[in-house]
Amino acid sequence: MFRKTLLLTFVIGTISISTLAQGNAKKNGADSQKGIEIMGVIAKWADAVRDRDMKVLDHLFAEDLIITTYEGTVRGKKEELEALTAFRDATLRSVVNEDVGIKLYTNIAVVTALTKMTFVMVGKENVVALRYTSVFAKLDGRWQMVALQTARAALIQATKSN
């Protein structure tokens, strides 16, 4: 059960970017056209995870996507999509992103954030925090995620019964 909770935390946390990130875009110098595009991709990514929209995620993830989890495992696009479909019994209540940063290069964008999430799983409310770095590349005329790495951050609240 604990492993399922941790995996769910990783899946939701690493992919969820709330509208707060959009508010931070100018603060992080991402107010250029590319920055606006990346903010749109990040918002689409978050919505697709929340809605478990595999079609959108399949489109956003590059075929050769590499994900390094906070547990130190490495997986690709196929495994990530499978992980996202595995946890239908969890409900995401809120996602708050802080310390969002975007660094833009010619056809590359590096996004960092601290994500704090509240979700309910098996009748228990869980609050977790993850820090991540994601890399997007403009491939085939669209921004696609090519790499993602996560790290656990200090837990912001103990698990409590619902």
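Only the coordinates and a few stated rules stand behind these numbers; no lab work does. Just so it is clear, the structure is predicted and the values come from calculations on it, not from any experiment. We place every Cβ from the backbone using ideal geometry, glycine too, and count neighbours over all the protein chains shown.
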(message) Neighbour counts of other C-beta atoms within 10 Å: give me Met121, Met39, Met54 arranged from fewest to most.
(response) Met54, Met121, Met39
(message) Could you list Val135, Val74, Val110 so that the one with the fewest beta carbons within 10 Å of its beta carbon is first and the one with the most is last?
(response) Val74, Val110, Val135
(message) Sort Val56, Val122 by Cβ crowding within 10 Å, fewest neighbours at the top.
(response) Val122, Val56
